[in-house]
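A.B. asks: Encoded as structure tokens, here's the structure I'll be asking about.
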Amino acid sequence: MVNFRLDGKVALVTGASYGIGYAIAKAYAEAGATIVFNDIDEAKLKKGLADYKADGIEAHAYLCDVTDEEVVKDMVEKIEKEIGVIDILVNNAGIIKRVPMIEMSVKDFRQVIDIDLNAPFIMAKAVIPQMIKKGHGKIINICSMMSELGRETVSAYAAAKGGLKMLTRNICAEYGQYNIQCNGIGPGYIETPQTAPLRERQPDGSRHPFDAFIVTRTPAARWGTTDDLQGPAVFLASDASNFVNGHVLYVDGGILAYIGKQP
Ligand code: NAP
Ligand code: GCO
């Protein structure tokens, strides 16, 4: 029988106090995993812990900036001592800055690259040695449609997410021999705080132009919800995907397959 369960597994989901990370962690808990998550902000970490508890999940929370290699190594060592070796890592923490490229500061560009690309490298580097010793591991990088497409104002984000797609493939290439599967999930446009500015009602009460654009551009004719990502995330974390490696699974309602409706 195909095994989609995660019983006995320790799953670390970064930046999972809310949003996509929270939904993925919740689905992993329902599939039997022990949930560990981090956040950079203590208040949000505590609120997230309370929310997991309210959902019946005894999660483990760690304050950690995923861009800080020493803090990450310390967090992973603490998790291994206090909870167990990490079987599943979801590199979910991420930011976006929407600025026309030639107006974007180098500092802002570097911050997006640091969190969205350098941090997944730091996190994977910290957990792979123990995965090799344990004889298995799952790494899931939260990529984006911007791993494939560009659009105005998201140059740093697209560069980072494009790089994250190739980091995913390279981890597959280097560590597949140790029964480590590294795949990506490429969400489409999902209703979370990160995309809230793109869905804000206009002063006259009308929909945000981008909101209407995405709905017409998506064959599913709707924004995604974090629930839409739960099944694909469980699949990629389970034994059901042990021969899937280096793949980015797009969960986008069909946007990437669609040229768009003739005006
Ligand atoms: P979100 O609502 O903005 O949540 C991002 C999370 O990452 C927050 O918990 C945030 O913590 C955390 N984080 C940011 N920087 C961090 C750092 N340096 N160290 C630790 N945690 C950090 O984003 P989301 O929409 O759930 O997106 C989650 C992931 O999916 C991101 O990688 C995003 O790029 C990707 N994605 C989103 C969409 C979408 O449409 N929403 C589509 C494709 C891909 P704080 O709140 O404390 O800052
Ligand atoms: C944007 C959005 C997108 C989504 C997502 C799409 O400004 O275009 O934030 O980047 O977050 O990455 O897959």
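The values are calculated or read from the model by the stated rules, or taken from the named source; none is laboratory data. These numbers come from a predicted model, not from an experiment. Here the Cβ is made from the backbone with ideal geometry for all residues, glycine too, and neighbour counts use every protein chain on show. Ligands, DNA and RNA are excluded from the accessible area calculation, which covers all protein heavy atoms including side chains. Shrake-Rupley method; radii C 1.70, N 1.55, O 1.52, S 1.80 Å.
A.B. asks: Taking the options ASN179, ASN170, name whichever one is open to solvent by 60 Å² or more (accessible area, probe 1.4 Å), out of contact with any Ser or Thr (no Cβ under 8 Å at 6 or more places or on another chain) and farther than 27 Å from ASP114 by Cβ.
C.D. replies: Values: ASN170 fails: farther than 27 Å from ASP114 by Cβ.
Result: ASN179 is the single residue among ASN179, ASN170 that is open to solvent by 60 Å² or more (accessible area, probe 1.4 Å), out of contact with any Ser or Thr (no Cβ under 8 Å at 6 or more places or on another chain) and farther than 27 Å from ASP114 by Cβ.
A.B. asks: With respect to the numbered conditions (1) in contact with a strand residue (DSSP E or B) (Cβ under 6 Å, 6 or more places away or on another chain); (2) farther than 18 Å from ILE139 by Cβ, which one is the sole condition not fulfilled by THR34?
C.D. replies: It fails just one condition, (2).
A.B. asks: Considering the range 130-167 alone, what residues qualify as being away from ligand 1 (no atom under 13 Å from the Cβ) and of a type in the set (S, T, N, Q)?
C.D. replies: Answer for the range 130-167, where residues must be away from ligand 1 (no atom under 13 Å from the Cβ) and of a type in the set (S, T, N, Q): GLN130, THR153, SER155.
A.B. asks: Hey, does the range 33-49 have a residue that's in contact with a Leu (Cβ under 8 Å, 6 or more places away or on another chain), within 18 Å of GLY231 (Cβ to Cβ) and either charged (D, E, K, R) or more than 16 Å from ligand 2 (Cβ to nearest atom) (or both)?
C.D. replies: Yes, because at least one residue in the range 33-49 is in contact with a Leu (Cβ under 8 Å, 6 or more places away or on another chain), within 18 Å of GLY231 (Cβ to Cβ) and either charged (D, E, K, R) or more than 16 Å from ligand 2 (Cβ to nearest atom) (or both).
A.B. asks: For the range 124-132, does any single residue satisfy the condition of being outside any loop (DSSP other than H, G, I, E, B) and within 16 Å of ligand 2 (Cβ to nearest atom)? Write out each step before concluding.
C.D. replies: Within the range 124-132, the subset outside any loop (DSSP other than H, G, I, E, B) is 124-132.
Those left that are additionally within 16 Å of ligand 2 (Cβ to nearest atom): none.
No, the range 124-132 contains no residue that is outside any loop (DSSP other than H, G, I, E, B) and within 16 Å of ligand 2 (Cβ to nearest atom).
A.B. asks: Condition first: open to solvent by 30 Å² or more (accessible area, probe 1.4 Å) and in contact with a helix residue (DSSP H, G or I) (Cβ under 6 Å, 6 or more places away or on another chain). Now tell me which residues in the range 194-207 satisfy that. If you could, list the steps in order and put the result at the bottom.
C.D. replies: The first filter runs over the range 194-207 and keeps only residues open to solvent by 30 Å² or more (accessible area, probe 1.4 Å), leaving 194, 196-197, 199-207.
Residue satisfying the conditions is ARG199 alone.
A.B. asks: Which one of the conditions (1) among the small types (Gly, Ala, Ser); (2) closer than 23 Å to LEU256 by Cα; (3) modelled with pLDDT of 95 or more; (4) more than 13 Å from ligand 2 (Cβ to nearest atom) does SER238 fail to meet, given that it meets all the rest?
C.D. replies: (2)
A.B. asks: What number of residues within the range 215-263 are among the aromatic types (Phe, Trp, Tyr) and farther than 24 Å from ALA25 by Cβ?
C.D. replies: Step one: list which residues in the range 215-263 are among the aromatic types (Phe, Trp, Tyr), which gives 223, 235, 243, 250, 258.
If we keep only those that are farther than 24 Å from ALA25 by Cβ as well, we get 243, 258.
Residues in the range 215-263 being among the aromatic types (Phe, Trp, Tyr) and farther than 24 Å from ALA25 by Cβ: 2 in total.
A.B. asks: Give the residues of the range 128-158 that are aliphatic (A, V, I, L, M), farther than 26 Å from LYS9 by Cα, in contact (Cβ under 8 Å) with a residue 40 or more places away in the chain and touching a Leu at 6+ places or on another chain (Cβ under 8 Å), sorted by residue number.
C.D. replies: Residues of the range 128-158 that are aliphatic (A, V, I, L, M), as a first pass: 128, 131-132, 139-140, 142, 145-146, 149, 154, 156, 158.
Next cut, farther than 26 Å from LYS9 by Cα only: 145-146, 149, 154, 156, 158.
Restricting the remaining residues to those that are in contact (Cβ under 8 Å) with a residue 40 or more places away in the chain gives 145, 149, 154, 156.
Matches in the range 128-158: MET145, LEU149.
A.B. asks: Quick check on this structure: which one of THR168, THR226 is polar (S, T, N, Q), modelled with pLDDT of 95 or more and in contact with a helix residue (DSSP H, G or I) (Cβ under 8 Å, 6 or more places away or on another chain)? Outline the logic, then answer.
C.D. replies: On the way: THR168 fails: in contact with a helix residue (DSSP H, G or I) (Cβ under 8 Å, 6 or more places away or on another chain).
Just a single option satisfies the conditions, and that option is THR226.
A.B. asks: Sticking with this one: Return the total of residues in the range 220-235 being surrounded by fewer than 19 Cβ atoms within 10 Å (Cβ to Cβ), of a type outside the set (Ser, Thr, Tyr) and either within 30 Å of GLN181 (Cα to Cα) or within 14 Å of ligand 2 (Cβ to nearest atom) (or both).
C.D. replies: Residues meeting the conditions: 4.
A.B. asks: Would you list the strands (runs of 3 or more DSSP E) that sit entirely within the range 1-99 and hold 3 or more residues that are open to solvent by less than 20 Å² (accessible area, probe 1.4 Å) and either farther than 21 Å from ASN242 by Cβ or touching a residue at least 40 places away in the same chain (Cβ under 8 Å) (or both)?
C.D. replies: Qualifying strands (runs of 3 or more DSSP E): 10-14, 34-39, 88-91.
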